[in-house]
Structures are given as structure tokens and as C-alpha cells.
1. Six or more apart or on different chains, Cβ atoms under 6 Å: show the pairs whose first residue is in segment 95-110 and farther than 15 Å from V122 by Cβ and whose second is open to solvent by 80 Å² or more (accessible area, probe 1.4 Å) and in a helix (DSSP H, G or I).
2. Regarding segment 609-627, can at least one residue be identified that is open to solvent by 60 Å² or more (accessible area, probe 1.4 Å), of a type outside the set (F, W, Y) and in contact with a Ser or Thr (Cβ under 8 Å, 6 or more places away or on another chain)?
3. Can you tell me which residue among G368, G379, G351 is of a type outside the set (D, E, K, R), in contact with a Leu (Cβ under 7 Å, 6 or more places away or on another chain) and open to solvent by 10 Å² or more (accessible area, probe 1.4 Å)?
4. Report yes if F529 is of a type outside the set (S, T, N, Q), open to solvent by 50 Å² or more (accessible area, probe 1.4 Å) and within 28 Å of L447 (Cβ to Cβ), otherwise no.
5. Specify which of the listed residues (V289, V305) is of a type in the set (A, V, I, L, M, F, W, C), free of Cβ contacts under 8 Å to residues at least 40 places away in the same chain and assigned to a helix (DSSP H, G or I).
6. What's the number of the only condition in (1) closer than 30 Å to A512 by Cα; (2) surrounded by fewer than 20 Cβ atoms within 10 Å (Cβ to Cβ) that A573 fails to meet?
7. In this structure, does L17 turn out to be open to solvent by 60 Å² or more (accessible area, probe 1.4 Å), closer than 11 Å to A76 by Cα and modelled with pLDDT of 70 or more?
8. Can you name every residue in segment 455-514 that is surrounded by 20 or more Cβ atoms within 10 Å (Cβ to Cβ), among the aromatic types (F, W, Y) and closer than 18 Å to L381 by Cα?
Amino acid sequence: MAGQVLGWTGHGVALVLAAACALVPLALGRAAGTPLLAGGPLLVVTLALVAGALAAGGRLWRATAAGLLVPVLAVALVRPVGELRPGLLLLAAGLVVAALAGAVRALPAPVRTGPLVGALAVAAALGQVAIVLTGLVGAATASAGFPAWQGGRDVPVPSWGWQLPVALLLTAGAVALLTPRAVRPLTAVSAAGLVALAAPAVTATPWPLVLVVDLATAAALLLAAVARRRGGQLVVPVAASAGAVLLGHALLVGCAAPAGAVAVLAVTAVLGAALATLGRRGQGAQPVVGGVALAVALLAVPAGVGVALFGLGAPAWWQLRGATTAVVVPVVAVLAVRRLWTDLSGYASTGLALALAGVGLGPLVAPGGEPVALYAAVGVLLALAAGAGSRPAVALRAVGAALAVLALLAVAPVVLTVLVDLPVQPWSGVPAAGEASAATARAGLVLLLLGAAAGAYAATDRRVAWWLAALPFGAVALPVLATAAGAPWPVGPAVAFGVGLAALLVAALTGARPAVLVPLGAVLAVPGFGGLLATRAGTLAALGALVVAGAVTGAAGRAAAVRIAGWPGAVAAATGFAVTASLAAGLPLRTAAFAALAVAAVTLHAAPLLRVARPAGSRWALEAAAQAVALLALLLTGGSLRYAAAVCVLWGVAVAVRVPRRNESPAGRRVLAGVAAGSELVGGWLLLAAGGVVVLEAYTLPAAALALGAGLLALRRRSGLTSWPALGPGLAAAFLPSLVSVLVSGEPQPWRRLALGAAALAVVLGGAARRWQAPVVLGAATLVPLALHELARGWDLLPRWIFLGLGGLLLIGLAATYERRRRDLVRLRDAVARLG
């Protein structure tokens, strides 16, 4: 055993050394002085390896050795050709591969496995080289057509070019001999496509002939892929892919001249229809091939028309229009496919979607200055038309949405310019009418088309009302079209304001899509209102429309919050109308305050009428709005005390008239009475200030009387109420300012001191009689400082001994009756504490 291991190890080492030595003449291309024997040494080494394997090796070792013999033999046969005739190397390699394949095929089945693998490896190596060379040839012929439409250029033919198709065919034949029968169709279609691409390498070939070869071979491969009902799982996609590659190559070659490209696109369209007809009835991948072919055919129609017009010398804008018109054919085809070939409708819709995308984006890349927005809008309409009254396919919906966005982005600058230019300086006079603009008219037309498309799509989808979907586009289009037509003032602002106000009313009355209608209405109504401010009449008309809209919203709004907001809006607009009307009549602003006050009075007395129809917060919103408008009227008097006093007095009267109204709640009456009294009080103060009255009590006593009156009324109605919250504020307002004036002022003020003391004494007596604590305490708190003040004033008027004597007598009396006085103080404190 050790001897056998040692012997075979030596055999292997010897073979490795021999192979290394044999590679030297193979690399040099010469052995024994002749190129014919360059591969001989390596072949001898390989034969020795095979002999050893046959002598002592197993089955796998024998197959491996036999498999190595085939590539070595191929190298030994091809290497002398590379030295002696290098220009024929590709042909020689193909012949060797074919001969070896035939020889391996002739071997008995038991010994064929190893040589078969080796022969396939040799064929694969040559096939890869041939495919790379074919790709280079195809790229050269395709690039010859560029720059496009220049008639093409000559492609130099390589010296080995005529061998390439032969080598491809020999390699394909070898693979066919070595592989099972099921693989042979796959080999055949692959070889056909490669040979068609390699054919121009044989000789100098004009590009039209290359085009014909490509189209003929592509048509044959594609028709063969779908002609047989059972084409095989791999043969059909490989044949279809090869045909598609040839069609693409033909299109690139055809770019040498418009006629060539048109021919390729025409053949593609016809061939696509034929493939769709045959493929949809097949199995496996055949329907997919037919569907893709149909999509490509639909895409080829508008492209072919555009290229044909270019070839005829038509302007760029005619080319775009022609291609757009030609998209009608795919639309009709999609409608027919949806009805007859429902299984291919998805492919047809995808092809149409790509065609529409090309049409919509065409003006962006093609010269001619065509409006991209209009083309995009037409694309949206065509995508919708392909639905035939129902929802279009997903691809068409996606492309339609993208084109709609593109159209909106394209017209947005024009629309924004129109809206921004609407507002003018208030009462600056009628502005001059603008000139008609084609760009503005085009933007309006695009918006109308998009509105029609949106309405039609909503009608098919039925999730949104068609008019609601079309409203935003149509609403914006109307002022744009009015501006584009050069309409005189106030057509443009009035249309914008009216449409915007209508959108807001629709949102308020129906509650439909407020997230869309409210911003839309605001965007249109605000610039339109600004444009109507040019004249007094326009301003009043706009404000009147706002009053009506606010009233309608408050009366018929769908949501409670909308109704609550509608009434104050109407009041605000009515106030603006009243003030503006006064100013327009030439009246000063302080006079316009009375017009605003009239609005406040009407609002205040109209608020109770809403209690039956709208029991929510509308009434309170109106009453708050009335008070706010009255305050505004006061501010509008502009510092004129008499006008302000008149406003306060009139408002107090208006509120007082409301107090005795039937069905008024007690709390509401109290609030209204307080507002009326406060307004009258402020009015009185203002009149006093206007008359130059400086007597302090003229201002404090009315307020104190008002507070005391309210407190007395509260004491009568609320049994648990004490005198402090009811009478304390009024008494403090009556006594405190006068007391401070007496104590601080350096003037004698005898009558004020006398009146204050008498009033304080009367309050103390009255409070004690009514058993009210607040009058007793506050009156005493006023009398004590006042008495001390009087005592201090008389200090210098009488001799000092009189005060000392009176003080001594007082102390003696207190000391003699201390206990009784103490008990009296305690009883007085308890009595005061028991007062209410």
C-alpha cells in the first residue's frame, strides 16, 4: 500500500511539472521549431493524465480527466491558427468547437459525460467572446445614427467581421448538438437575434438595410413567441426579449433619418396589434407578451405622428399638436380593448398613460413655446375619456393627477398675478381697464378644462358631488377670464368677490368640504372686496352683500358654530356700511358714530327674536356684538365730549327700552338695567366735563345713588344678602371722595363739611333704624375723622385752658363710671355685630 501511494504521488508531481513545462511552448506559440506543435506538449501531458485515470482511477476521476482533454485539444488545435493565420482565428475557433461537439456527440453514452461537459465549456467560452463582439457591432451600428436626423454615418467594418455570424452559427450548432432537444429552440432564437445584430459586420451595410434586417428578424422572433399555443416557459420570454432588443436597435438605427424612425414606429404599432391578437389566446407568458406589445404599439402611434411631421418640415408646435391629436387613436383603442379584450385593458391603459405623460411633458422639452398647462389639461381630459363613463385604470388616474398638478403649477403665477392686481387704493376712482391677454385667457381656459375633468371624474367616482369637485376650478377661472377679456371695472372684482362669497355661503349652508371652500372663498372674496373699494358705490355694494351673506349664514347655517359666527359678521358688515355711508355723504366721523349706534340699537332689539328660531348662542353673540358696536360708536366720536355724551345717553335709552320687554329673564333685566344706568351715568359725567363742572359731588353722588339704588333693590329681592355687599360700595362712593377732599384740601369748604357730617349722621341713624351694619359703620367711620378734623380746626380759635378743662372733666367722668361705660361698650359692640 505504501508503495502505491508513493508511486501515484510521484505520478501526480511529474504531471504537474510536465504541465508547467508544456505551458511555455503554448504561450510562445512554437514547439520543436514549428507552430503546429505549440499545443502538443500540453496535449501529451493531458493524455498521460487520461491514461493514469483509465489505469487506476474511479469513474468520476476518469470523467474529469476526459473532460479536461476536450478544452486542451481545442487549445492545441486553435493555437497554431493564431500564429499562422490570426485573421482566421474566430472562424477556426468556431470550426473546432463544432468539430469537437460532433465528436463528443458520436461517443458512446457511458463515456460521454466528461467530454460533454468539456465541450460545453469550450462552446460557452467562444459564445461569450462572440456575444461581446456582437454587442460591440450592435453599439457601433446604433451610434451611427447620431446625431439624429443627419443621415447616419459609415461604420468601419472589422477584418474579422465576416467570421462573426459564422462563429455564432457554429457555436449555436455545437450547443444544439450537446444539449437536450428541449433546449434547442432556446438556442435557435438566441442565435437568430445575435446573428441579426452581427450581420452588419460582414460588409459595409447602409443603415436602411440594417433597419430591414432588424425589423424582419424582430417580427419573426416576436411572432414565433406567440404563434404556438405552447411555446415553452423559457422560449417565449427569450424570443420576445430578443425581438424587443432588435426593435430598440432598429429604432436607434432609424434615428439617422425621420423616415427610418417613422418606419420603425409604424412596424412597432402594426406588430404590437398582431402580437396582442395572437398572444392573448396563448398560455404562460404569451398573454404578457401580447399585452406589453399592445402598450408599446399605443405608445408608438403619437410618437410616429410627431416624427413624421418633423420629417415633413412642420414647425415644432405643429409636431406637438399632431402628436397630441394622434393620442385620440390610443384612447379609442383603449375603449375598444376595455370592451372586447378585458384581459389586456391594464396593458392598454398603461400604454395610453405613458403616451399622455409624453404629450403633457412634451412642451417642457420640445422647442416651440407651446403652453404646457394646456397640453397637460388636454391630457387629463383624454385620460378621463379613456374611462368611458367609469373610473379609469390606476395608471391613467395616476398620470391624470400628475398632469393636473402640472397644469395648476403652470397657471398658478398668472392666477396669482390677477388676484394680487385686483385690490386698489380705497376711493381712488375707477381704475383703467386692462388689455386682453392671451396668457391670462389660456390660464382661464385651463382652469375650466380642469374643472370639467374634476366634475366628470367625481360623477364617475360618486364620493363627491360633481359640482362640488368642479367648483374650485370654475370659481377661480371666472375672474381670470374676466380679466383676460379686458372687462371694465367693476366686472373683475365683482366676479371675484361674488364667486368667493358664494363659495363661503355654500360651505356655511351645506357644510360640504369646508377645508376647500372656505380657503377658496377667502382667496377670491378678499381681493375682490379690495377691488370694489375703488369707489364709494362699490364699497357700499360690497358691504351690503356682506350684510346679506352674514344674515343668511346666521339664519340658515348648517352648524351651530357657523350660525353663531354669521350674525356678528352681519352686524360688523352693517356697522361698516353705516359708517361708510355717512362718510360717503360727506359727514364727519363723529357724526357717523350715530349711524353705528343705530346699528347697535337695531341689533340689540333684534337679538331676542332669535331665541325661538335659534336657541343656541346666536342671541348672546348678537347682544355682545351690539355692545361692541356701541363702544365703537363711542370711540368714533373722536374726543368730542358732547358727541360722546349724546352717544352714551342714547345708548342708555335704547338699552332701557329693552328692560321691560316681555319674556326677558330676571338676570338679563338686571344686566340690561346696569348697562343702561352705567351708560346714562357716563353720559352725565361727559356732559358735566363738557360744561366745565368741577364740583366733586356732581360726579360721585350720581354713581353713589346708582349703586345704592341697585343695592336696595338687591336687599329687597334677596333675603340672605347683608348690607355690606349691597350698600357698602354706594356709601363708600358717596362719602370717601368728599371726606378725602375735606381732610386733604387746604380750603375751608364749610358747606361740604356740614353736608358731609349731616349725611353721615343721617346714614348712621337710618342704618340703626333699619338694623343695617354697613350704614352704621361707614357713617361712623365718616363722622369720627370729620369730628377730629373739626376739633383740630377749632384748636387755635379757643383758649387752651378750655380744652384742658374739658379733657379733665371727661377723664373724671370716665373714671367714675368706668365699669358702666365698659358694659355699655360691650353692649354697643354686640349690637353692631348683630346688625345685618
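The values are calculated or read from the model by the stated rules, or taken from the named source; none is laboratory data. These numbers were taken from a predicted model, which means no experiment stands behind them. Positions of Cβ are backbone-derived with ideal geometry, glycine not excepted, and every protein chain shown enters the neighbour counts. What goes into the accessible areas is simple: the full protein's heavy atoms, side chains included, and nothing from ligands, DNA or RNA. Shrake-Rupley method; radii C 1.70, N 1.55, O 1.52, S 1.80 Å.
1. The qualifying pairs do not exist here.
2. The answer is no, given that none of the residues of segment 609-627 is open to solvent by 60 Å² or more (accessible area, probe 1.4 Å), of a type outside the set (F, W, Y) and in contact with a Ser or Thr (Cβ under 8 Å, 6 or more places away or on another chain).
3. Numbers: G379 fails: open to solvent by 10 Å² or more (accessible area, probe 1.4 Å); G351 fails: open to solvent by 10 Å² or more (accessible area, probe 1.4 Å).
Matching residue, one of G368, G379, G351: G368.
4. yes
5. That would be V305, the only listed residue that is of a type in the set (A, V, I, L, M, F, W, C), free of Cβ contacts under 8 Å to residues at least 40 places away in the same chain and assigned to a helix (DSSP H, G or I).
6. So A573 meets the others, but not (2).
7. No: the conditions fail for L17.
8. Y457, F473
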